[in-house]
There are 2 protein chains.
Amino acid sequence: MTTQATVKTPTTRLNGLDVQAAFDTIDAIKADPSIARFQFRARNRWIDGGENVSAIRDFYGAGREDESRTDDFVFTNGEPPVLLGNNEGANPVEYLLHALAGCVTTTFVLHAMARGIAIRELSTELEGDLDVRGLLGLDESVSPGYERIRIRMHVTADCSDEALNDLLDYTQKHSPVCNTVCRPVPVVIERVA
Amino acid sequence: MTTQATVKTPTTRLNGLDVQAAFDTIDAIKADPSIARFQFRARNRWIDGGENVSAIRDFYGAGREDESRTDDFVFTNGEPPVLLGNNEGANPVEYLLHALAGCVTTTFVLHAMARGIAIRELSTELEGDLDVRGLLGLDESVSPGYERIRIRMHVTADCSDEALNDLLDYTQKHSPVCNTVCRPVPVVIERVA
(Lines give C-alpha, C1' and ligand atoms only; values in the text may rest on other atoms or scores of the structure.)
Protein backbone atom coordinates (compact mmCIF):
# COMPACT_ATOMS: atom_id res chain seq x y z
CA MET A 1 0.00 0.00 0.00
CA THR A 2 2.94 2.37 0.63
CA THR A 3 6.49 2.62 -0.65
CA GLN A 4 7.72 1.53 2.78
CA ALA A 5 5.56 -1.61 2.63
CA THR A 6 7.09 -2.45 -0.73
CA VAL A 7 10.67 -2.00 0.44
CA LYS A 8 10.23 -3.79 3.76
CA THR A 9 7.71 -6.59 3.19
CA PRO A 10 6.01 -8.25 6.16
CA THR A 11 7.95 -11.45 5.41
CA THR A 12 11.45 -10.02 6.02
CA ARG A 13 11.66 -11.79 9.38
CA LEU A 14 9.22 -14.42 10.56
CA ASN A 15 9.52 -16.40 13.79
CA GLY A 16 12.88 -14.71 14.35
CA LEU A 17 14.27 -16.09 11.08
CA ASP A 18 15.51 -14.10 8.08
CA VAL A 19 13.11 -15.26 5.38
CA GLN A 20 15.23 -14.06 2.45
CA ALA A 21 18.36 -15.73 3.85
CA ALA A 22 16.42 -18.97 4.28
CA PHE A 23 15.16 -19.01 0.71
CA ASP A 24 18.59 -17.93 -0.61
CA THR A 25 20.07 -20.95 1.21
CA ILE A 26 17.48 -23.25 -0.33
CA ASP A 27 18.21 -21.86 -3.82
CA ALA A 28 21.95 -22.27 -3.29
CA ILE A 29 21.51 -25.91 -2.22
CA LYS A 30 19.28 -26.62 -5.20
CA ALA A 31 22.04 -25.25 -7.46
CA ASP A 32 24.79 -27.22 -5.65
CA PRO A 33 23.55 -30.02 -3.34
CA SER A 34 27.10 -30.60 -2.02
CA ILE A 35 26.84 -27.49 0.17
CA ALA A 36 24.09 -29.24 2.17
CA ARG A 37 26.66 -31.63 3.64
CA PHE A 38 27.57 -30.85 7.26
CA GLN A 39 29.85 -32.54 9.77
CA PHE A 40 29.31 -31.76 13.46
CA ARG A 41 31.87 -32.60 16.15
CA ALA A 42 32.41 -32.92 19.88
CA ARG A 43 35.42 -33.62 22.09
CA ASN A 44 34.84 -35.21 25.47
CA ARG A 45 37.11 -35.87 28.46
CA TRP A 46 36.40 -38.12 31.43
CA ILE A 47 36.83 -36.42 34.81
CA ASP A 48 35.88 -39.10 37.38
CA GLY A 49 33.03 -41.51 38.02
CA GLY A 50 29.99 -40.40 36.04
CA GLU A 51 31.42 -36.93 35.34
CA ASN A 52 32.80 -35.95 31.94
CA VAL A 53 32.99 -32.72 29.95
CA SER A 54 32.43 -31.96 26.26
CA ALA A 55 33.77 -29.07 24.22
CA ILE A 56 31.97 -28.15 21.00
CA ARG A 57 33.05 -25.45 18.56
CA ASP A 58 34.13 -26.27 15.00
CA PHE A 59 32.05 -27.89 12.29
CA TYR A 60 32.07 -28.24 8.53
CA GLY A 61 29.14 -26.99 6.48
CA ALA A 62 28.14 -25.03 3.38
CA GLY A 63 31.37 -26.08 1.70
CA ARG A 64 33.86 -24.92 4.32
CA GLU A 65 35.07 -25.05 7.91
CA ASP A 66 32.90 -22.72 9.99
CA GLU A 67 34.74 -19.94 11.80
CA SER A 68 31.86 -18.12 13.44
CA ARG A 69 32.59 -19.32 16.99
CA THR A 70 35.44 -17.85 18.98
CA ASP A 71 34.91 -19.99 22.11
CA ASP A 72 33.95 -23.57 22.91
CA PHE A 73 30.52 -24.48 24.17
CA VAL A 74 31.25 -26.58 27.29
CA PHE A 75 28.83 -29.09 28.84
CA THR A 76 29.20 -31.36 31.86
CA ASN A 77 27.59 -34.77 32.12
CA GLY A 78 26.96 -36.12 35.62
CA GLU A 79 24.74 -38.59 37.41
CA PRO A 80 22.38 -38.30 40.38
CA PRO A 81 23.23 -40.14 43.62
CA VAL A 82 20.82 -43.00 42.80
CA LEU A 83 23.02 -43.61 39.72
CA LEU A 84 26.28 -43.33 41.73
CA GLY A 85 27.02 -39.65 41.04
CA ASN A 86 26.76 -36.24 42.70
CA ASN A 87 24.60 -34.37 40.18
CA GLU A 88 27.70 -32.87 38.57
CA GLY A 89 25.46 -32.14 35.58
CA ALA A 90 22.43 -33.53 33.80
CA ASN A 91 23.05 -37.08 32.67
CA PRO A 92 23.55 -38.19 29.06
CA VAL A 93 20.02 -39.54 28.52
CA GLU A 94 18.65 -36.21 29.82
CA TYR A 95 20.87 -34.26 27.39
CA LEU A 96 19.40 -36.44 24.64
CA LEU A 97 15.92 -35.19 25.60
CA HIS A 98 17.18 -31.60 25.46
CA ALA A 99 18.60 -32.22 21.97
CA LEU A 100 15.34 -33.78 20.82
CA ALA A 101 13.19 -30.98 22.27
CA GLY A 102 15.34 -28.32 20.62
CA CYS A 103 15.43 -30.00 17.25
CA VAL A 104 11.68 -30.57 17.07
CA THR A 105 11.13 -26.95 18.10
CA THR A 106 13.57 -25.46 15.58
CA THR A 107 12.29 -27.69 12.76
CA PHE A 108 8.71 -26.66 13.59
CA VAL A 109 9.57 -22.94 13.67
CA LEU A 110 11.59 -23.16 10.44
CA HIS A 111 8.88 -24.87 8.43
CA ALA A 112 6.24 -22.59 9.94
CA MET A 113 8.27 -19.69 8.52
CA ALA A 114 8.44 -21.40 5.11
CA ARG A 115 4.63 -21.70 5.18
CA GLY A 116 4.08 -18.12 6.30
CA ILE A 117 2.81 -19.17 9.75
CA ALA A 118 3.69 -16.87 12.66
CA ILE A 119 4.31 -18.80 15.89
CA ARG A 120 3.33 -16.94 19.04
CA GLU A 121 4.35 -19.42 21.76
CA LEU A 122 5.81 -22.91 21.65
CA SER A 123 6.85 -25.17 24.50
CA THR A 124 7.33 -28.90 24.95
CA GLU A 125 7.46 -31.45 27.76
CA LEU A 126 9.33 -34.69 27.22
CA GLU A 127 9.32 -38.03 29.01
CA GLY A 128 11.52 -41.01 28.20
CA ASP A 129 11.20 -44.46 29.74
CA LEU A 130 14.30 -46.52 30.37
CA ASP A 131 15.07 -49.74 32.25
CA VAL A 132 18.61 -49.69 33.70
CA ARG A 133 18.81 -53.50 33.61
CA GLY A 134 19.85 -52.94 29.98
CA LEU A 135 22.75 -50.64 30.91
CA LEU A 136 23.83 -52.99 33.69
CA GLY A 137 23.67 -56.08 31.49
CA LEU A 138 21.34 -57.84 33.95
CA ASP A 139 18.88 -58.95 31.27
CA GLU A 140 20.02 -59.09 27.65
CA SER A 141 16.37 -59.01 26.48
CA VAL A 142 16.05 -55.45 27.89
CA SER A 143 17.21 -52.71 25.50
CA PRO A 144 19.67 -50.34 27.22
CA GLY A 145 18.21 -47.27 25.51
CA TYR A 146 14.89 -45.48 25.74
CA GLU A 147 11.86 -47.71 25.21
CA ARG A 148 9.91 -44.74 23.89
CA ILE A 149 9.89 -40.94 24.18
CA ARG A 150 6.74 -38.83 24.46
CA ILE A 151 6.61 -35.15 23.57
CA ARG A 152 3.70 -32.91 24.52
CA MET A 153 3.74 -29.71 22.51
CA HIS A 154 1.91 -26.52 23.43
CA VAL A 155 1.74 -24.10 20.51
CA THR A 156 -0.23 -21.00 19.57
CA ALA A 157 0.01 -19.50 16.09
CA ASP A 158 -1.91 -17.42 13.55
CA CYS A 159 -3.30 -20.42 11.67
CA SER A 160 -5.90 -23.18 11.93
CA ASP A 161 -5.61 -26.30 14.06
CA GLU A 162 -5.50 -28.31 10.87
CA ALA A 163 -2.51 -26.32 9.60
CA LEU A 164 -0.72 -26.86 12.93
CA ASN A 165 -1.37 -30.60 12.87
CA ASP A 166 -0.05 -30.80 9.33
CA LEU A 167 3.06 -28.82 10.31
CA LEU A 168 3.64 -31.08 13.33
CA ASP A 169 3.42 -34.18 11.15
CA TYR A 170 5.93 -32.66 8.71
CA THR A 171 8.21 -31.66 11.61
CA GLN A 172 8.29 -35.17 13.03
CA LYS A 173 9.39 -36.55 9.64
CA HIS A 174 12.09 -33.87 9.06
CA SER A 175 13.67 -33.14 12.46
CA PRO A 176 17.30 -34.37 12.37
CA VAL A 177 17.44 -35.47 16.03
CA CYS A 178 13.97 -37.04 15.90
CA ASN A 179 15.01 -38.91 12.76
CA THR A 180 18.29 -40.02 14.39
CA VAL A 181 16.32 -41.45 17.33
CA CYS A 182 13.50 -43.04 15.27
CA ARG A 183 15.78 -44.59 12.67
CA PRO A 184 18.72 -46.97 13.26
CA VAL A 185 21.86 -44.83 12.81
CA PRO A 186 25.25 -46.58 12.74
CA VAL A 187 27.70 -45.60 15.49
CA VAL A 188 31.28 -46.70 14.85
CA ILE A 189 33.59 -46.66 17.88
CA GLU A 190 37.30 -47.03 17.28
CA ARG A 191 40.01 -47.16 19.94
CA VAL A 192 43.08 -45.16 19.00
CA ALA A 193 46.52 -44.84 20.60
CA MET B 1 48.98 -56.79 54.85
CA THR B 2 47.82 -54.48 57.62
CA THR B 3 44.62 -54.02 59.56
CA GLN B 4 44.04 -50.77 57.72
CA ALA B 5 44.32 -52.56 54.37
CA THR B 6 41.69 -55.05 55.52
CA VAL B 7 39.25 -52.39 56.67
CA LYS B 8 39.68 -50.18 53.60
CA THR B 9 40.04 -52.60 50.69
CA PRO B 10 41.45 -51.33 47.37
CA THR B 11 38.04 -51.89 45.76
CA THR B 12 36.10 -49.39 47.92
CA ARG B 13 36.18 -46.82 45.12
CA LEU B 14 37.29 -47.57 41.58
CA ASN B 15 37.19 -45.06 38.71
CA GLY B 16 35.48 -42.64 41.08
CA LEU B 17 32.58 -45.01 41.69
CA ASP B 18 31.51 -46.55 45.01
CA VAL B 19 31.98 -50.25 44.29
CA GLN B 20 29.85 -51.46 47.20
CA ALA B 21 26.98 -49.11 46.29
CA ALA B 22 27.12 -50.34 42.69
CA PHE B 23 26.89 -54.00 43.67
CA ASP B 24 24.21 -53.22 46.28
CA THR B 25 22.17 -51.59 43.49
CA ILE B 26 22.61 -54.64 41.26
CA ASP B 27 21.51 -56.96 44.10
CA ALA B 28 18.46 -54.77 44.81
CA ILE B 29 17.43 -54.83 41.13
CA LYS B 30 17.86 -58.60 40.97
CA ALA B 31 15.54 -58.89 43.98
CA ASP B 32 12.98 -56.43 42.53
CA PRO B 33 13.42 -55.64 38.80
CA SER B 34 10.74 -52.92 38.98
CA ILE B 35 13.20 -50.54 40.66
CA ALA B 36 15.25 -50.55 37.43
CA ARG B 37 12.54 -48.54 35.70
CA PHE B 38 13.41 -44.87 35.21
CA GLN B 39 11.62 -41.98 33.56
CA PHE B 40 13.69 -38.94 32.55
CA ARG B 41 12.13 -35.59 31.64
CA ALA B 42 12.82 -32.21 30.06
CA ARG B 43 10.80 -29.03 29.60
CA ASN B 44 11.67 -26.75 26.70
CA ARG B 45 10.52 -23.25 25.70
CA TRP B 46 11.03 -21.53 22.37
CA ILE B 47 12.67 -18.10 22.60
CA ASP B 48 12.99 -16.92 18.96
CA GLY B 49 14.36 -18.28 15.68
CA GLY B 50 16.67 -21.22 16.39
CA GLU B 51 16.96 -20.38 20.10
CA ASN B 52 15.16 -22.41 22.78
CA VAL B 53 15.89 -23.34 26.38
CA SER B 54 15.44 -26.58 28.31
CA ALA B 55 15.07 -27.07 32.05
CA ILE B 56 15.87 -30.49 33.51
CA ARG B 57 15.48 -31.49 37.14
CA ASP B 58 13.01 -34.15 38.24
CA PHE B 59 12.96 -37.80 37.25
CA TYR B 60 11.48 -41.06 38.47
CA GLY B 61 13.73 -43.98 39.36
CA ALA B 62 14.45 -46.68 41.92
CA GLY B 63 10.76 -46.77 42.80
CA ARG B 64 10.21 -43.09 43.58
CA GLU B 65 10.40 -39.48 42.43
CA ASP B 66 13.98 -38.29 42.85
CA GLU B 67 14.47 -35.27 45.13
CA SER B 68 18.24 -34.90 45.03
CA ARG B 69 18.27 -31.78 42.83
CA THR B 70 17.35 -28.41 44.25
CA ASP B 71 17.83 -26.45 41.00
CA ASP B 72 17.14 -26.97 37.31
CA PHE B 73 19.90 -27.74 34.86
CA VAL B 74 19.35 -25.17 32.08
CA PHE B 75 20.63 -25.54 28.50
CA THR B 76 20.26 -23.26 25.48
CA ASN B 77 19.98 -24.52 21.93
CA GLY B 78 21.02 -22.14 19.17
CA GLU B 79 22.24 -22.20 15.59
CA PRO B 80 25.30 -20.75 13.84
CA PRO B 81 24.82 -17.96 11.26
CA VAL B 82 25.09 -20.41 8.35
CA LEU B 83 21.99 -22.09 9.81
CA LEU B 84 20.17 -18.77 10.35
CA GLY B 85 21.11 -18.24 14.02
CA ASN B 86 23.54 -16.24 16.14
CA ASN B 87 25.35 -19.05 18.01
CA GLU B 88 23.01 -18.60 20.99
CA GLY B 89 24.16 -22.08 22.06
CA ALA B 90 25.32 -25.35 20.54
CA ASN B 91 22.72 -26.75 18.20
CA PRO B 92 20.54 -29.80 18.86
CA VAL B 93 22.54 -32.24 16.73
CA GLU B 94 25.71 -31.13 18.56
CA TYR B 95 24.03 -31.71 21.95
CA LEU B 96 23.22 -35.21 20.70
CA LEU B 97 26.96 -35.83 20.18
CA HIS B 98 27.64 -34.59 23.73
CA ALA B 99 24.99 -36.99 25.08
CA LEU B 100 26.47 -39.88 23.10
CA ALA B 101 30.06 -39.11 24.18
CA GLY B 102 29.04 -38.91 27.83
CA CYS B 103 27.01 -42.09 27.78
CA VAL B 104 29.69 -44.18 26.09
CA THR B 105 32.24 -42.82 28.57
CA THR B 106 30.13 -43.48 31.67
CA THR B 107 29.13 -46.96 30.46
CA PHE B 108 32.79 -47.77 29.80
CA VAL B 109 33.92 -46.52 33.22
CA LEU B 110 31.08 -48.33 35.01
CA HIS B 111 31.75 -51.71 33.46
CA ALA B 112 35.51 -51.22 33.88
CA MET B 113 34.80 -50.84 37.60
CA ALA B 114 32.67 -54.02 37.58
CA ARG B 115 35.60 -55.87 36.00
CA GLY B 116 38.16 -54.44 38.40
CA ILE B 117 39.85 -52.35 35.70
CA ALA B 118 41.25 -48.96 36.78
CA ILE B 119 40.94 -46.31 34.06
CA ARG B 120 43.69 -43.69 34.05
CA GLU B 121 42.59 -41.44 31.20
CA LEU B 122 39.70 -41.53 28.77
CA SER B 123 38.73 -39.07 26.05
CA THR B 124 36.71 -39.23 22.86
CA GLU B 125 36.32 -37.30 19.62
CA LEU B 126 33.05 -37.53 17.71
CA GLU B 127 32.05 -36.69 14.15
CA GLY B 128 28.56 -36.94 12.71
CA ASP B 129 27.67 -36.48 9.04
CA LEU B 130 24.40 -34.88 8.10
CA ASP B 131 22.85 -33.56 4.87
CA VAL B 132 20.54 -30.62 5.54
CA ARG B 133 18.49 -31.38 2.41
CA GLY B 134 16.67 -33.85 4.69
CA LEU B 135 15.78 -31.16 7.26
CA LEU B 136 14.72 -28.76 4.52
CA GLY B 137 12.58 -31.36 2.73
CA LEU B 138 14.46 -30.75 -0.54
CA ASP B 139 14.98 -34.46 -1.25
CA GLU B 140 12.77 -37.00 0.46
CA SER B 141 15.34 -39.74 -0.26
CA VAL B 142 17.80 -37.97 2.10
CA SER B 143 17.39 -38.88 5.79
CA PRO B 144 17.15 -35.75 7.94
CA GLY B 145 19.23 -37.26 10.75
CA TYR B 146 22.84 -38.32 11.04
CA GLU B 147 24.02 -40.69 8.32
CA ARG B 148 26.59 -42.15 10.71
CA ILE B 149 28.53 -41.14 13.80
CA ARG B 150 32.19 -41.98 14.40
CA ILE B 151 33.78 -42.04 17.85
CA ARG B 152 37.53 -42.18 18.37
CA MET B 153 38.37 -43.22 21.93
CA HIS B 154 41.70 -42.67 23.65
CA VAL B 155 41.99 -44.73 26.83
CA THR B 156 44.76 -45.83 29.15
CA ALA B 157 44.12 -48.36 31.93
CA ASP B 158 45.82 -51.03 34.03
CA CYS B 159 44.83 -53.93 31.77
CA SER B 160 45.66 -55.53 28.43
CA ASP B 161 44.67 -54.21 25.03
CA GLU B 162 42.50 -57.29 24.63
CA ALA B 163 40.62 -56.52 27.86
CA LEU B 164 40.05 -52.92 26.69
CA ASN B 165 38.76 -54.06 23.31
CA ASP B 166 36.37 -56.49 25.00
CA LEU B 167 35.18 -53.73 27.35
CA LEU B 168 34.64 -51.35 24.43
CA ASP B 169 32.57 -53.96 22.58
CA TYR B 170 30.45 -54.50 25.70
CA THR B 171 30.09 -50.72 26.17
CA GLN B 172 28.82 -50.20 22.64
CA LYS B 173 26.11 -52.82 23.21
CA HIS B 174 25.04 -51.46 26.64
CA SER B 175 25.26 -47.66 26.43
CA PRO B 176 21.71 -46.22 26.66
CA VAL B 177 22.32 -43.26 24.31
CA CYS B 178 24.32 -45.38 21.83
CA ASN B 179 21.49 -47.93 21.86
CA THR B 180 18.88 -45.18 21.39
CA VAL B 181 20.77 -43.94 18.32
CA CYS B 182 21.57 -47.38 16.83
CA ARG B 183 18.09 -48.80 17.35
CA PRO B 184 14.77 -47.37 16.08
CA VAL B 185 13.12 -45.79 19.16
CA PRO B 186 9.53 -44.57 18.86
CA VAL B 187 8.98 -40.83 19.44
CA VAL B 188 5.34 -39.86 19.98
CA ILE B 189 4.53 -36.16 19.57
CA GLU B 190 1.15 -34.96 20.77
CA ARG B 191 -0.18 -31.42 20.51
CA VAL B 192 -2.02 -30.30 23.63
CA ALA B 193 -4.09 -27.23 24.42
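The values are calculated or read from the model by the stated rules, or taken from the named source; none is laboratory data. All figures in this text were calculated on a predicted structure; none of them were measured in a lab. Note that each Cβ is placed from the backbone with ideal geometry, even for glycine, and that neighbours are counted across all protein chains shown. Each accessible area value is taken on the protein alone, full model and side chains, heavy atoms only, with ligands, DNA and RNA left out. Shrake-Rupley method; radii C 1.70, N 1.55, O 1.52, S 1.80 Å.
Peptide A:105-118 is shielded by partner chain Cβ atoms: per residue, an average of 4 of them sit within 10 Å of its Cβ. Peptide A:17-25 is shielded by partner chain Cβ atoms: per residue, an average of 2 of them sit within 10 Å of its Cβ.
Between copies, the label points at A:HIS154 (set 7 angstrom from Cα along Cα-to-Cβ) are spaced 4.6 nm, reported in nanometres from shortest to longest. Across the copies of the chain, B:THR12 has label points (7 Å from Cα along Cα→Cβ) spaced 6.8 nm apart, shortest distance listed first. Remark: accessible area buried at the A-B interface is about 11200 Å², both chains counted, probe radius 1.4 Å. Its residue count N sets the reference 2.2 N^0.38 Å, and the alpha-carbon radius of gyration of the range A:3-96 equals 1.65 times that reference. When DSSP beta bridges are restricted to pairs lying wholly in the protein assembly as shown, around 85% turn out antiparallel. Label positions at B:THR156 and B:GLN20, each projected 7 Å from the Cα along the C-beta direction, are separated by 3.2 nm.
Taking only protein heavy atoms into account and a 1.4 Å probe, give the accessible area per residue of the protein assembly as shown in Å².
Per residue, the protein assembly as shown has 44 Å² of solvent-accessible surface.
The other copies place their B:ARG115 label points at 5.0 nm from this one, listed shortest first, where each point is 7 Å from Cα along Cα→Cβ. Convex hull of alpha carbon positions in chain A: directionally averaged projected area 16.0 nm².
Given the range B:49-148, what whole percent of its Cα pairs are spread farther than 22 Å?
55
For chain A, which whole-number percentage of the solvent-accessible area (1.4 Å probe, protein heavy atoms only) is attributable to carbon and sulfur atoms?
For chain A, the apolar C and S fraction of the accessible surface comes to 51 percent.
Within the protein assembly as shown, the ratio Rg/Rh, alpha carbon atoms throughout and Rh by Kirkwood, equals 1.01.
Compactness of the range A:103-177, taken as the C-alpha radius of gyration over 2.2 N^0.38 Å, stands at 1.46. Exposure check, 1.4 Å probe, all protein chains in place: B:VAL142 carries approximately 30 Å² of accessible surface.
In the assembled protein chains, B:SER34 presents an accessible area of approximately 70 Å² (probe radius 1.4 Å).
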